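First up is the structure itself, then whatever we jot down about it.
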Amino acid sequence: MDRAGDGEGQATSDEHAKTQMRWEPLAEVIQIRGDFETDARAALLRGLQIGQSAGANPLQFAMIGSTGSHNGLASADEAYFWGAAPGLEDRDANAQGLIGVWAEENTRTSIFDAFERKEVYATTGPRIRVRFFGGWSFEAKQAEAPDMVTRGYTFGYPMGSDLKGEPAGKAPRFMMYAVKDPEEANLDRIQLVKGWVDAAGNTHEKVYDVTWSGERERGPDGELPPVVNSVDLATASYQNADGAAALRGFWSDPEFDPEQPAFYYLRVLQIPTPRHSLYDAVANRVDPSDTGHPPTIQERAYTSPIWYSP
């Protein structure tokens, strides 16, 4: 039996990996203590490495968020952030987060079934709606079709799934859409995050801007300019003139190697909005720069990954 280290010096077997994924299918990547997406990404990459050696990936987890404030208050909205339980009050905390669940119906059983199949996603608080499908035969025009979701389930795999049945000579193709929270800010862009492991066991990651709002174009360096920050620091208000109410996108992996295990997930960004520290500064007539905190944030959502294994 092949074995690999679990990051703490302990050996990991394929049996252990499968057991861990049975009982620990979800990971909280957003809560009051912070946004841990980059830590989660490192763990996902480590999981690919272990899977290469052990035969099964023990870190093939879904992304979820929660408030984590431990005070019984709904603290996912920056404008109504009441802090945290004793011991957390001095942390550089934001109001966050929430779990998005694609359940077939609003029942406990159906919701838990969605947890089990990892068809869930995390947000930093806004009720952003996001869909993500991977497959081998999608076309760009299908991402714009009214029945995109039906096509995604019929011919591909939703977030939290494994890509299966690799056709020779084809790269993975992905369809996506994101819709803003009706009571929140417009959307800036959808990014796709890819992580993979090469034949030598080295990890790699890359972030792609797939689709975005407005008429922005990539610069000479290939980077997309930031969206307009309309936040007024004197009033803790913003204009919702920039950004988009909804975004749709299609992406095919330009660097796909069928011999390399990989994962793909989406990061959806809102336009900049006031942080709770700015609301407090304005209410208390304090200079926002004196708070020691950034006055604005870009709320976001992260989907659970879609994995590819050779």
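The values are calculated or read from the model by the stated rules, or taken from the named source; none is laboratory data. Small disclaimer: the values here were computed from a predicted structure and weren't measured. Note that we place each Cβ from the backbone using ideal geometry, even for glycine, and neighbour counts take in every protein chain shown.
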Condition set basic (Lys, Arg) and farther than 25 Å from residue 57 by Cβ, scope the range 131-179, selection farthest from the chain's Cα centre (by Cα): answer is 141
Going through (1) surrounded by fewer than 13 Cβ atoms within 10 Å (Cβ to Cβ); (2) closer than 25 Å to residue 29 by Cα; (3) not hydrophobic (A, V, I, L, M, F, W, C) one by one, residue 265 fails only at (1)
Could you please find all residues in the range 264-296 being outside any helix (DSSP H, G or I) and more than 30 Å from residue 250 (Cβ to Cβ)?
274, 275, 284, 285, 286, 287, 292, 293, 294, 295, 296
Would you confirm, using the coordinates I've provided, whether residue 188 is of a type in the set (Asp, Glu), in contact with a Gly (Cβ under 9 Å, 6 or more places away or on another chain) and at pLDDT 95 or above?
yes
How about the range 150-174: which of its residues are buried (at least 18 other Cβ atoms within 10 Å of the Cβ), in contact with an Asp or Glu (Cβ under 9 Å, 6 or more places away or on another chain) and farther than 30 Å from residue 79 by Cβ?
158, 160, 161, 172, 173, 174
Keeping to the range 276-310, report how many residues are basic (Lys, Arg) and buried (at least 23 other Cβ atoms within 10 Å of the Cβ).
1
For the range 99-132, which residues satisfy the criterion of being among the hydrophobic types (A, V, I, L, M, F, W, C) and in contact (Cβ under 8 Å) with a residue 40 or more places away in the chain?
102, 115, 120, 122, 128, 130, 132
I'd like to verify a number: residues in the range 284-298 that are without any contact (Cβ under 8 Å) to a residue 40 or more places away in the chain, closer than 16 Å to residue 232 by Cβ and not hydroxyl-bearing (Ser, Thr, Tyr), how many?
4
How many residues of the range 26-71 are of a type outside the set (Phe, Trp, Tyr), assigned to a loop (DSSP other than H, G, I, E, B), under 27 Å from residue 259 (Cβ atoms) and within 18 Å of the chain's Cα centre (by Cα)? The answer is 2
Name the residue, out of 227, 197, 231, that is farther than 30 Å from residue 283 by Cβ and not hydroxyl-bearing (Ser, Thr, Tyr).
197
In the range 221-275, residues that are of a type in the set (A, V, I, L, M) and closer than 30 Å to residue 62 by Cβ total 11
Across the range 179-212, which residue is surrounded by the most Cβ atoms within 10 Å (Cβ to Cβ) among those that are among the small types (Gly, Ala, Ser) and out of contact with any Lys or Arg (no Cβ under 7 Å at 6 or more places or on another chain)?
185
So is residue 109 part of a helix (DSSP H, G or I), within 24 Å of residue 25 (Cβ to Cβ) and either of a type in the set (S, T, N, Q) or modelled with pLDDT of 90 or more (or both) or not?
yes
Restricting to the range 230-258, what's the tally of residues that are surrounded by 15 or more Cβ atoms within 10 Å (Cβ to Cβ) and not small (Gly, Ala, Ser)?
10
Enumeration of residues in the range 213-229 that are surrounded by 15 or more Cβ atoms within 10 Å (Cβ to Cβ) and charged (D, E, K, R)
216
Is it the case, given these coordinates, that residue 248 is out of contact with any helix residue (DSSP H, G or I) (no Cβ under 7 Å at 6 or more places or on another chain) and of a type in the set (D, E, K, R)?
no
Anything in the range 133-192 that is of a type in the set (S, T, N, Q) and in contact (Cβ under 8 Å) with a residue 60 or more places away in the chain? List them, or say none.
142, 161, 186, 191
